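Below you'll find the structure, written out as structure tokens, and then a few comments.
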Amino acid sequence: MPPDESGIDGWLRYAPLSPEMASNFTQYTSIIALGNDETSPVLTAAKELQDGLNKILKQRANLSYDLATSTDVADVIVVGTIHNFSHAGGDVGHIPPLKEDGFWLDRSQNNSVQILGQNDRGALYGAFEFLMLLAQGKPCPFGYVSNPSAPIRWINQWDNLDGSIERGYAGPSIFFENMAIQDDLTRVSQYARLMASVRLNGIIVNNVNSHHDLLSPRNLAGLGRVADAMRPWGVHIGVALFFDTPKSLAGLSTSDPLDPDVIAFWDRITAQLYQHVPDLIGYLIKANSEGQPGPLTYGRTLAEGANLFADALKRYGDGVVVYRAFVYNHHLDESDWKNDRANAAVEYFEDMDTQFADNVLIQIKYGPIDFQVREPVSPLFCHLRKTSAIIEFQVTQEYLGQQSHVCYLPPLWRTILDFDLRIDGKPSPVRELLSGERFKWKRSGYAAVVNVGSDSTWLGSHLAMSNLYAYGRYAWNPRSDEVAVIQDWIRLTFSSHPTVVNVVTGISMESWPTYENYSGNLGIQTLCDIVKTCHYGPSPAAMDNNGWGQWTRADAHGIGMDRTVATGTGYSGQYPREVSQIFEKIESTPDNLLLWFHHVPYTHHLKSGKTVIQHFYDAHYEGAANVQTFAPRWEALSGLIDDARFKHVLFRLKYQAGHSLVWRDSINQFYLAKCGIADKHGRVGHHPWRIEAEAMDLTGYTVVPIAPFEAASGSKAIITTTSDKPGIAKCNLPFDSGVYNIAVNYYDHLGGTAQYKLFVGGRLIGEWAGDLSKVLLHDFSDLRDGHSATRITFDSVQVKKGDILEVVGTPDGTELAPIDYISVLPRGVID
Ligand code: GCU
């Protein structure tokens, strides 16, 4: 059994190759670094090569700095920039052109290796490429060139100064605590190492919902330390600014972007920031968005707001202003069928294209709403020509299971990156806009909200790390193959054993379509609770009747947003004609976006032949059924990977299996109640193997209604009558004697850690605690609802007909040991 691993090295574990495999590789005698500046990625690359060779091949190579002494010597690795190589007398004539950050990797006949970057960073990227191939047992290629698709490949952390992380699911911040930058930045440099290995070159270190204290003298100095920690890895930092900082930090009477004092304030701050961070990448601005102040607050245009920062940056350095397009009114009136939040970005930005300074970039979420399970690409990409753009993805799985559900995201990203917007009737795949090719942008590219935390797994789940790895790979090359990417990651992270590769590939590739099946189908978005802001479990009613505009417009007869020009909100008209014509008509809109663009009756027939409502029912059953296979498939990895990571993932996959059933039943019950159309397969609302807790004999337990009703089987659950005494729920098992899996559905919410015991025929079958938020590292809810609803299953329990089934629940704090139902499941039955 391999030794336990914590995940701290992610995919850079450099696991040793077997002696047979290692013997295929040459004995590298020395590494020559063309530069010995401690802050340079070239030296970092050389040290990384030394470390990697040592770990992967058990080789100890010397480090030296002089090319002249070693030209044409066998078995050396030279790493540096093209410029330094040529300067030291190396021949570069045969090397094809490299873009910024690109690299050349080559092996000669005498087994020497050249790793040459267009710049320092490129050299480091080449070294990582060499090592990551080696770690998979693959030889260094001959004459290999790699160039990035786009110059901007950044991460946005949403870390708050108090150390909490907005939409973070892996513990507190590695950057901040107690309103200041952390003293110990070890994790920050480890993070930069992971980023560099997948060629990410910039990071905004704090939340877009920023705070003026970020710019206190102490924190400015702290930002300098963060930049120092990341610089050797070629990662440069920027910050997100709070628009009203002039008022709140400096006590000015206004933050009006045209006010001379405000301009002088930002000049001063920018100058100070450049003193601490001379290679600052720039500012990220969330303004006039979700209650944040911005230029519109002061009667100025968005461009005037952005240019305020752009001018300050220009005076002191070459940073850029990244201005987020996430500007919308969150007090929309749903009763007006013409209102549509999806229209907002284009409405706010379309006339601004010529008005931004040339160091302003617009950062656009991939879809017009908010990182949903499926959205069409944001039409704002079609309205910017002069102003360059950055696409915003989320690696953090805010609406996609929050790292407690596995969801490998590249298949979703590809629906966006490959989409041809047909601007001016010409091929315009989104990836070509982002590369800058289509409109000749100098600076454009990618950002992703990542939100790593201080847990050793970085993202709270080992499997979720494939998304961080893949994000780097896609920002570098958006045409990457998602299977090839996941398989490289698997080999590096876990093992090259074919079972490991096949199982993890299978689960990963199925994970997003499966999640879509049991969350929100046909373009209706993730049907989670958007009002309580936790964006996690099912709560379809919460999507409507609020000002946030993430509406489904579901009523008794139909569902979906009519976003057509002809009869709806006009959104489809924001795309170029060829695209708009497709979405304008029901017949040409693909099923998977039907409800995004059209309001149709539940009985509408899809292209698949099914009705909308039957598709909902079937997809939820199929999706949840598929999740049940994940944990058993993962179990094949027992002994092939270390036990710590094996168990960590197994726990989450079992949890997901239970929560997917909560999703399935909530959504199906909700729409059955809405439209009254039965599932033609008779499953929805019929659960022959369930024992409702409210139907059991209760001592010290009482029955309560659950809201929303669909978050409980039968709309009711039981809770203990007091907060200090256990309750008992009992019944005689009505099923034939045999072997069953027994599942208990209960609610695990904040406010306490209830304890449970399950007995059958007087035998203790299992005991557990309601401590999921501690294990899964995120808060679900403080209520009994679709977020906190969960299941624990005990496999292969021998029962006799008439046996007493008994659950003893011991409350703690406000968690009153709530139970929804118990399923007694014959082998192969899922319910
Ligand atoms: C979403 C998310 C917020 C975040 C916002 C943003 O609404 O839920 O937490 O602040 O997006 O991107 O600015």
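Each of 202, 579, 758 was scored by the projection of its Cα onto the charge dipole of the chain, and the greatest displacement toward the positive side belongs to 579; charges sit on the C-beta of Lys, Arg, Asp and Glu.
With a Förster radius of 30 Å applied to the C-beta separation of residue 591 and residue 633, the computed FRET efficiency comes to 0.60. Using a simple spin-label model with pseudo-atoms 7 Å out from Cα toward Cβ, residue 296 and residue 178 lie 4.0 nm apart. Between 0 and 90 degrees, the angle of helix 643-675 with respect to the longest Cα principal axis of the chain falls at about 60 degrees. Based on Cα contacts under 8 Å between residues 6+ apart, the chain shows a relative contact order of 10 percent. Total lysine pairs in region 690-826 at Cα distances under 16 Å, for residues eight or more apart or on different chains: 4. Counting every alpha-carbon pair across region 486-586, the share separated by more than 23 Å comes to 52%. At q = 0.09, 0.18, 0.19 Å⁻¹ the log10 of I(q)/I(0) for region 554-663 amounts to -0.42, -0.86, -0.91, computed by Debye summation with a single uniform scatterer per C-alpha, solvent ignored.
In units of the rule-of-thumb radius 2.2 N^0.38 Å, region 405-518 shows an alpha carbon radius of gyration of 1.19.
Entry comment: accessible area of the chain is 34 Å² per residue, from protein heavy atoms only and a probe of 1.4 Å. Translational diffusion of region 269-332, estimated by Stokes-Einstein from the Kirkwood radius over alpha carbon pairs at 37 °C in a medium of 0.692 mPa s, is 261 µm² per second. Put a dot 7 Å past the Cα of residue 814, heading toward its Cβ, do the same for residue 497, and the two dots end up 4.5 nm apart.
So what's the angle, to the nearest 10 degrees on a 0 to 90 scale, between helix 186-197 and the longest Cα principal axis of the chain? Once rounded, one gets 80 degrees.
For residue 333 and residue 386, the difference between the fully extended length at 0.36 nm per residue and the C-alpha to C-alpha distance is 15.7 nm. Dipole size of region 369-517 about its Cα centre, with +1 on Lys/Arg Cβ and -1 on Asp/Glu Cβ: approximately 720 debye, rounded to the nearest 20. In a reduced charge model with +1 at each Lys and Arg Cβ and -1 at each Asp and Glu Cβ, region 690-826 shows a dipole moment near 400 debye about its Cα centre. In terms of packing, defined here as the mean over residues of other Cβ atoms within 10 angstrom, the peptides 199-212, 636-649, 584-597 line up highest first as 199-212, 584-597, 636-649. Rg and Dmax over the alpha-carbon atoms of region 38-145 stand at 12.6, 35 Å.
Where does each of 800, 654, 730, 286 land when they are ordered by accessible area, with a 1.4 Å probe and the largest first?
Solvent-accessible surface, decreasing: 800, 654, 730, 286.
Put a plus charge on the Cβ of each Lys and Arg, a minus charge on the Cβ of each Asp and Glu, and nothing anywhere else: the dipole of the chain about its Cα centre is then about 1200 debye. What the Cα convex hull of region 422-481 gives, in volume per residue, is 100 Å³.
Surface composition of the chain: carbon and sulfur atoms hold 52% of the protein heavy-atom accessible area at a 1.4 Å probe. Does anything in region 220-260 have its amide N under 16 Å from the 7 Å Cα→Cβ label point of residue 100, and if so which residues? Correct set: 234-238. Heavy-atom accessible area with a 1.4 Å probe sorts 621, 701, largest first, into 621, 701.
As a rough guide to protection, the peptides 448-454, 776-782 ranked by mean Cβ packing within 10 Å, highest first, stand as 448-454, 776-782. Check cross-link reach from residue 386 to the lysines: straight Cα distance under 24 Å, and skip same-chain residues fewer than eight apart. Correct list for residue 386: 99, 286, 314, 365, 426, 440, 442.
Axis of helix 465-476 versus longest Cα principal axis of the chain: the two differ by about 40°, to the nearest ten degrees. Since only 102, 458, 17 are under comparison, the one whose Cα sits farthest along the positive direction of the charge dipole of the chain, derived from C-beta charges on Lys, Arg, Asp and Glu, is 17. Across region 278-403, the relative contact order, built from alpha-carbon pairs under 8 Å that are at least six residues apart, equals 22 percent. Could you pull the accessible area for residue 699 with a 1.4 Å probe, rounded to 10 Å²? The accessible area of residue 699 comes to roughly 90 Å². Translational diffusion of region 690-826 was estimated from the Stokes-Einstein equation, with Rh taken as the Kirkwood radius over Cα pairs; at 10 °C and 1.306 mPa s the coefficient is 108 µm²/s. Placing dummy labels 7 Å off each Cα toward the beta-carbon, the span from residue 483 to residue 724 is 6.2 nm. Note down the relative contact order for region 232-332 as a percent, whole number, built from C-alpha pairs under 8 angstrom at least six residues apart. With pairs under 8 Å counted, the relative contact order is 31 percent.
With bins 20 Å wide beginning at 0, the percent of Cα pairs of region 152-493 falling in each bin runs 32, 61, 7. Report summary: the helix-based calculation at 222 nm, which adds -39500 (n - 2.57) for every DSSP H run with n ≥ 4 and divides by the residues of the chain, gives -9000 deg cm²/dmol.
Toward the positive end of the charge dipole of region 781-831, with +1 on the Cβ of Lys and Arg and -1 on the Cβ of Asp and Glu, the farthest Cα among 819, 790, 804 is that of 804.
Once the Cα-Cα distance is subtracted from the 0.36 nm per residue extended length, the residue 268 to residue 801 segment shows a gain of 184.0 nm.
Please work out the FRET efficiency for the pair residue 739 and residue 38, using the Cβ-Cβ distance as r and a Förster radius of 56 Å; give the result to the nearest 0.05.
In this case the efficiency is close to 0.30.
Rolled with a 1.4 Å probe across the full set of protein chains, the surface gives residue 680 an accessible area near 150 Å². With semi-axes defined as the square roots of five times the eigenvalues of the C-alpha gyration tensor, the equivalent ellipsoid of the chain measures 46, 35, 26 Å, largest first. Here is the P(r) of region 153-311: all C-alpha pair distances, binned every 5 Å from 0, give 2, 9, 18, 23, 20, 14, 9, 4, 1, 0 in whole percents.
The values are calculated or read from the model by the stated rules, or taken from the named source; none is laboratory data. Given the structure is predicted, the values throughout are model-derived calculations rather than measurements. Reconstructed Cβ throughout: ideal geometry from the backbone, glycine too, with neighbour counts over all protein chains shown. Note: areas computed on protein heavy atoms with side chains; ligands, DNA, RNA excluded. Shrake-Rupley method; radii C 1.70, N 1.55, O 1.52, S 1.80 Å.
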